[in-house]
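Comments concern the structure below.
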Amino acid sequence: MSEILRTDCVSRYFGGLKAVNNVSMTVNAGDIFGIIGPNGAGKTTFFNVCSGIYRPTEGKVFLCGKDISNLRPDRISRVGIARTFQSTQLFQYMSVLENVKIGCHMATKSRLYDAVLHTKTYRQDEEFATEKALEMLKYVGLSEYAGVMAGNLSYGIQRRVEIARSLATDPKILLLDEPAAGMNRLETDALQDFLKQLNASGQTILLIEHDMKFVMNSCNQIMVLNFGEKICAGPPNVVSNDPQVQAAYFGSGKIGRR
């Protein structure tokens, strides 16, 4: 399998706090790769390093073999990493179609004066963005919601709209920060099926999640962080049976696949 995202000995310090310490990870094409760990383990900080929000204090981040450690978040998005956040980031008073079109504008050429003057370039870009956004909504099964205001949707559908907007940037890898947070079990199961469908169509996914059943049933590879350090990595059956993981995350019990 070809490597998509790799971190080599990545650390991120905030003064004397080692939020992430010497973490190496490799996500290959076709993976659904999960990152788990107790609260405060450094999961979101690590995500922020991978997506350019934070620069690593030490170590490097590579996308398809290219060093992206010092790129700005917008540049990292353009070279192939898209991400969602723990809380939904939709424009609540815009339609679903308009929200997804925002992701399409990464590939447009219009500048401010084009938008003000409605130049030919602007009109062509708007046509392109509309067509691509409709294509994305069809791809994720949300065409019927195109004209609905985002704030009127259920939480589970809002999450899928966010993912559709991220996919509109044509990412090499999709980073999802707690995608199932706040969902009921039916919504979580639907999201799990949705992510598996995306993955089957060729999308590589890296996610953080607290729902262990979701992780164990969705991911083919898992990395466990504790106090900013990697304590285990491997397939779900290896991770769920690791003594350090059980002590740090599961307590004395074990959580496996359904």
**OP:** Run R72 past the list (1) modelled with pLDDT of 90 or more; (2) open to solvent by less than 40 Å² (accessible area, probe 1.4 Å) and report the number of the one that doesn't hold.
**Re:** (2)
**OP:** Among the residues of region 170-179, write down those that are crowded, with 19+ Cβ neighbours inside 10 Å and touching a Gly at 6+ places or on another chain (Cβ under 9 Å).
**Re:** P171, I173
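Quick check on this structure: which one of R6, R78 is open to solvent by 70 Å² or more (accessible area, probe 1.4 Å), more than 29 Å from G182 (Cβ to Cβ) and of a type outside the set (G, A, S)? Spell out how you get there, then give the answer.
Numbers: R6 fails: open to solvent by 70 Å² or more (accessible area, probe 1.4 Å).
Only one candidate qualifies: R78.
Okay, residues lined up against (1) touching a Lys or Arg at 6+ places or on another chain (Cβ under 9 Å); (2) hydroxyl-bearing (S, T, Y); (3) modelled with pLDDT of 90 or more; (4) open to solvent by less than 10 Å² (accessible area, probe 1.4 Å):
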| site | (1), (2), (3), (4) |
| --- | --- |
| M212 | no, no, no, no |
| V215 | no, no, yes, yes |
| A233 | no, no, yes, no |
| Y249 | no, yes, no, no |
Subject >> strands (runs of 3 or more DSSP E) (entirely within region 1-101) containing at least 3 residues that are polar (S, T, N, Q) and out of contact with any Leu (no Cβ under 8 Å at 6 or more places or on another chain) >> reply: 17-28
**OP:** Take region 82-98 and flag every residue that is open to solvent by 80 Å² or more (accessible area, probe 1.4 Å) and over 18 Å from the mean Cα position of the chain (by Cα).
**Re:** F91, Y93, E98
Subject >> The listed residue being surrounded by 21 or more Cβ atoms within 10 Å (Cβ to Cβ) and charged (D, E, K, R), out of R185, R165 >> reply: R165
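The values are calculated or read from the model by the stated rules, or taken from the named source; none is laboratory data. Being a predicted model, the structure only gives us computed values, none of them experimental. Glycine also receives a Cβ, built like all others from the backbone with ideal geometry; neighbour counts cover every protein chain displayed. Only protein heavy atoms, including side chains, enter the accessible area calculation; ligands, DNA and RNA are left aside. Shrake-Rupley method; radii C 1.70, N 1.55, O 1.52, S 1.80 Å.
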